Amino acid sequence: MRYTAILFDLDGTLLNTIDDLANSLNFILNQHGLPVHPVEKYKTFVGNGMEKLVRRVLPTDHHDEKTVATILAEFKTKYNECWHNDTKPYPEINMLLDNLESLGIRMSVLSNKADQFTSIMIDYFFGLDRFDFVVGARDGVPNKPDPTAALEIVKGSNIESSSYLYLGDSGVDMQTANAAGLYALGATWGFRSTEELEINGAKKLIYNPMEIIELIKG
């Protein structure tokens with residue numbers, strides 16, 4: 001098989017997290033008397049980490065560092081209480097993971113979500129032991145689309161980057177994959193448009209998770 005490993009994005013790719021993210025942050029915004037946003041709008045806000053998400057939802061006159069830090073801390077506390085309320089795997093994701101395991105495909109996860117949430121969510125929904133690496137946003141490591149974290153995973157796995165697939169649902173993911181030399185697959189069921197995926201370098205659009213098994217078997 002040409003491809004022997006796959007790197008997954010988390011939000012919008014493996015898990016539909018949008019309701020819990022939106023509800024948590026809207027709760028905090030409402031507590032501060034700030035405007036809230038429709039859940040659908042959050043699909044354009046997420047993708048670049050939790051701090052960037054907070055900045056995007058705040059009015060432009062509330063971008064001072066103190067306000068951002070306060071809202072971010074309260075958001076993380078609230079999200080820690082309810083990240084599993086409505087979040088669930090997308091259809092056929094568990095089937096995909098089972099099939100990848102049976103083929104001996106090495107699997108890892110890379111998210112711009114805070115590392116603590118990335119790990120607990122993967123463990124809760126799928127089990128950490130299924131993955132070689134589960135990595136979220138960490139201090140001192142640039143977020144995607146910078147390829148640093150992706151390249152760390154590739155190096156740690158001792159698998160050539162040309163043998164890696166990368167599945168993600170955003171332009172950020174496609175940029176990350178291409179910068180790291182991975183084959184960029186655009187997950188069309190996620191938060192962003194097919195146009196965004198194509199513009200940012202998707203090598204192939206995936207409309208159903210099990211299409212990846214067909215691609216690997218070739």
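Dipole size of the chain about its Cα centre, with +1 on Lys/Arg Cβ and -1 on Asp/Glu Cβ: approximately 240 debye, rounded to the nearest 20. Scaled against the 2.2 N^0.38 Å expected of a compact globular protein of N residues, the Cα radius of gyration of the chain reads 1.00. Between the helical axis of 148-157 and the longest alpha-carbon principal axis of the chain there is an angle of about 40 degrees.
Quick one: helix 115-125 against the long Cα principal axis of the chain, what's the angle to the nearest 10°, folded into 0 to 90? Helix 115-125 and the main axis of the chain meet at about 60 degrees.
Residues considered: 133, 75, 27. Largest GNM mean-square fluctuation over the chain, using C-alpha springs under 10 Å, is found at 27. Relative to the dominant Cα principal axis of the chain, helix 18-31 is inclined by about 20°. For the listed residue pairs 43/155; 43/88; 88/217; 52/76, the alpha carbons are over 20 angstrom apart in 43/155; 88/217. What shape does region 120-218 have by the C-alpha gyration tensor, where a ≥ b ≥ c are the square roots of the eigenvalues, rounded means a/c under 1.5, and otherwise prolate means a/b greater than b/c and oblate the rest? In terms of gyration-tensor shape, rounded. Under a Gaussian network description of the chain, with springs only between Cα atoms under 10 Å, the residue in 200, 30, 143 that fluctuates furthest is 30. Considering all C-alpha pairs of region 1-102, those separated by over 21 Å amount to 40%. Need one number: % antiparallel among DSSP beta bridges in the chain, to the nearest 5. Approximately 10 percent, going by the DSSP bridge assignments.
The numbers here are math on the coordinates, done by the rules we state, and not lab data. All figures in this text were calculated on a predicted structure; none of them were measured in a lab. Cβ atoms come from the backbone with ideal geometry, glycine included; neighbour counts cover every protein chain shown.
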